Amino acid sequence: MRSVTNSPTPPVDVVLPCLDEAGALPWVLERIPSGWRAIVVDNGSSDGSADLAASLGATVVSEPVRGFGAACHAGLLAATADIVCFCDCDASLDPALLPSLADPVLRGELDLVLGRRRPTTRGAWPPHARLANLELARLVRRRTGLRLHDLGPMRAARRAALLGLELADRRSGYPLEMLVRAADAGWRVAETDVPYAPRTGRSKVTGTWRGTWHAVRDMSAVLRQPAAAPTATQASPLGQVAR
Ligand SMILES: Nc1nc2c(ncn2[C@@H]2O[C@H](COP(=O)(O)OP(=O)(O)O)[C@@H](O)[C@H]2O)c(=O)[nH]1
Ligand SMILES: [Mg+2]
């Protein structure tokens, strides 16, 4: 990662939830855009991820409560920049592409941009995870009107606006809850393609039956929550967004 020392408040903070990602961290941090800050949220790693991330120049936040949402939210609370991005810390997604998500938010054209994962190889995305994700995208379309194809973890939005969503899920439902509440709040949401490569190391969520089961359970709970307000939001590819 490049130095951010002469920029006390970088324009963008990148939240990286991390559970035993020592194998992926060097590549991930090296790919953080110049001048941006990496916030690695360590969720009790036992492989030295926290020390490694710190030695590579990242801000390291420790979140003792396990869970993808707990880690993402701790990163959001630790962030100070106007724009916050989220990216998995497993080298499946390239942080160097984050400006393509953040730029429309920085320009004030969009409120939330998601990376639509496009697998680079057959092995990048297990079939059951891909299928579950497709079905989820369909449910989200029905629930919110957002025409998204994926609920990818790579995202960009304004920090204050994200905090205003008052997300409550701290496990696997967090990314879905963010989307549902953003839609209810009338946010302009769009997706843009990002390559999705086989992760480095072992999957903790969709690569295991237990992780997949938890994801389905947490996301179903989010979809059962009543809508906060009538929706008037639409999602479309970048550049063609309408509300
Ligand atoms: N902090 C934290 N991070 C997690 C947890 N589970 C997964 N992660 C991280 O979240 C990201 C996505 O998890 P991953 O295992 O790749 O899930 P998959 O992409 O669905 O296979 C990775 O950066 C993980 O290190 C967790 O319980 N706590
Ligand atoms: Mg992954």
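None of the figures in this text is laboratory data; all of them are computed from the coordinates on show. From a predicted model like this one, the values you see are computed outputs, not experimental measurements. Note that we place each Cβ from the backbone using ideal geometry, even for glycine, and neighbour counts take in every protein chain shown.
Going through Arg138, Arg130 one at a time, which residue ends up being within 16 Å of ligand 2 (Cβ to nearest atom), under 24 Å from Gly173 (Cβ atoms), charged (D, E, K, R) and outside any loop (DSSP other than H, G, I, E, B)?
On inspection, the qualifying residue turns out to be Arg130.
Looking across the stretch 154-166 at every residue that is part of a loop (DSSP other than H, G, I, E, B) and surrounded by fewer than 21 Cβ atoms within 10 Å (Cβ to Cβ), the one that is farthest from ligand 2 (Cβ to nearest atom) is identified as Glu166.
For the subset of the stretch 171-211 comprising residues that are of a type in the set (S, T, N, Q) and either within 17 Å of His149 (Cα to Cα) or crowded, with 21+ Cβ neighbours inside 10 Å (or both), which member is farthest from ligand 2 (Cβ to nearest atom)? First the steps, then the outcome.
Restricting attention to the stretch 171-211, the residues satisfying the condition of being of a type in the set (S, T, N, Q) are 172, 192, 200, 203, 206, 208.
Checking which are either within 17 Å of His149 (Cα to Cα) or crowded, with 21+ Cβ neighbours inside 10 Å (or both) leaves us with 172, 192.
Values: Ser172: 12, Thr192: 19 Å.
Only one residue fits best here, namely Thr192.
Could you grab me the full set of residues in the stretch 40-74 that are closer than 19 Å to Val113 by Cα and more than 16 Å from ligand 2 (Cβ to nearest atom)? His73, the sole residue that qualifies.
Residues being among the hydroxyl-bearing types (Ser, Thr, Tyr), touching a residue at least 60 places away in the same chain (Cβ under 8 Å) and away from ligand 2 (no atom under 16 Å from the Cβ): count how many of those fall in the stretch 212-231. Explain how you work it out, then say what you get.
Taking the stretch 212-231 first, the residues among the hydroxyl-bearing types (Ser, Thr, Tyr) are 212, 220, 231.
Going one step further and asking which of them are touching a residue at least 60 places away in the same chain (Cβ under 8 Å), we end up with 212, 231.
This time we only want the ones that are away from ligand 2 (no atom under 16 Å from the Cβ), so: 231.
Of the residues in the stretch 212-231, 1 are among the hydroxyl-bearing types (Ser, Thr, Tyr), touching a residue at least 60 places away in the same chain (Cβ under 8 Å) and away from ligand 2 (no atom under 16 Å from the Cβ).
Test Pro95 against the stated conditions and say whether it is within 12 Å of ligand 1 (Cβ to nearest atom) and of a type outside the set (A, V, I, L, M). I'd like the intermediate steps shown before the answer.
Values: within 12 Å of ligand 1 (Cβ to nearest atom): yes; of a type outside the set (A, V, I, L, M): yes.
Judged against the criteria, Pro95 is a match.
Filtering the stretch 94-103 to residues that are within 15 Å of ligand 2 (Cβ to nearest atom) and buried (at least 24 other Cβ atoms within 10 Å of the Cβ) leaves only Pro95.
With the condition kept exactly as written, say whether any residue in the stretch 47-55 is within 12 Å of ligand 1 (Cβ to nearest atom), out of contact with any helix residue (DSSP H, G or I) (no Cβ under 8 Å at 6 or more places or on another chain) and not polar (S, T, N, Q).
Kept after step one, since they are within 12 Å of ligand 1 (Cβ to nearest atom), are these residues of the stretch 47-55: 47, 49-50, 53.
Adding the requirement that they be out of contact with any helix residue (DSSP H, G or I) (no Cβ under 8 Å at 6 or more places or on another chain) leaves 47, 50.
Within this subset, residues satisfying the condition of being not polar (S, T, N, Q) are 47, 50.
Yes, the stretch 47-55 has at least one match.
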